Amino acid sequence: MVEDAKNDRHSDHDVIDLGGSLTSPANIPKEVEHLNTDERPLGDWESRYSKIAQKAIKYDAAYVAFILLATLILIFLTWRGTVFDFAVSGCNACSKSTFYKYAYFYLGGQLGGTLFGVKYLYNVVARGWWNIDRRLWRLFSPHLSGGLALAVCALVDSGIFGLTTKATAGAGNLSLGFITGYFADSALRKMKEIADTVFGSPESHASQSPQVSKE
C-alpha cells in the first residue's frame, strides 16, 4: 500500500497542469508547445536577477508605464481640444485641421513605440536577456517613434509615399501614426528607399567618385 501510494504521487517538478490533466514535460503535445516557459524548468519561480538589477528593471517598467499613460492622456486632451487651445492660443493663422493631423500622427507614433517597448521589456526580462546597456534605447525609443511618425505625416502630405489621408479623420491619422511607431524599423527602411531614389544610394556615389592616382 505504501509503495502504491508512492507510485501514485506526482512531484511538482516533473508534471505540468494543462487544463486539469497532469502531463510529463517530455510528453507535452504539439498543440501546447507554444506555452511561454521562458526557458525555465517547471517550478522555478524565483527571480534570476540580483537586487540591484531588479531595482533597475522596476525603473524601466515605471518609465514606460508613465510614457504610456501620458500618451493616452495627451490623445484624450487632443481629441477634447485642450491641447490645441493651450498650444496655439492667440494664433489666428494656425490651421486647426493641420494641427490635429500632425498631433495625432505624433501621438500615435509615440503610442506604438511605447507599446513595442513594453512588449520588448517584459520579453527580455522573462527570458533573462535584460541588460542595463539597453536603457538608452528604452528611454528614447518612444520619442524616436513619435518623431518618425511626424516625418511620415509630412511625407504623406507631400505625396511622396503615395498615400492620402483626410485632414479631419483623427482615427486614420492616429492609426497610421501608430503603425509607423510600432514598426519603426520598417518605416525607416522605406524612408531609406525614398532617400536613395531622390539622392542616390551611397554605393552609387562611391562608384562615381573620382579615382585618386597613386603616382
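Derivation of every value follows stated rules applied to the coordinates shown; laboratory data play no part. Nothing here was measured: the structure is a model prediction, and the numbers come from that model. Glycine gets a Cβ as well: all are built from the backbone with ideal geometry, and neighbour counts include every protein chain shown.
Each residue of the range 109-126 was assigned a 3J(HN,Hα) from its phi angle through the Karplus expression (A = 6.51, B = -1.76, C = 1.60, θ = phi - 60°), giving x, 5, 4, x, x, 5, 5, 4, x, 5, 4, 4, 4, 6, 5, 5, 5, 5 Hz with x at Gly and Pro.
What's the ranking of 150-156, 72-78, 178-184 by average number of surrounding C-beta atoms within 10 Å, highest first? Present the calculation step by step, with values, prior to reporting the outcome.
Numbers: 150-156: 18.9, 72-78: 15.3, 178-184: 22.4.
Result, highest mean Cβ count within 10 Å first: 178-184, 150-156, 72-78.
From least to most packed, judged by other beta carbons within 10 angstrom and beginning with the fewest, TRP137, TRP130, TRP79, TRP45 follow the order TRP45, TRP137, TRP79, TRP130. Each eigenvalue of the Cα gyration tensor of the range 51-197, multiplied by 5 and square-rooted, gives one semi-axis; in descending order these are 30, 20, 11 Å.
Take the Cα of ALA169, step 7 Å toward its Cβ, do the same at ALA56, and the gap between the two points is 4.5 nm.
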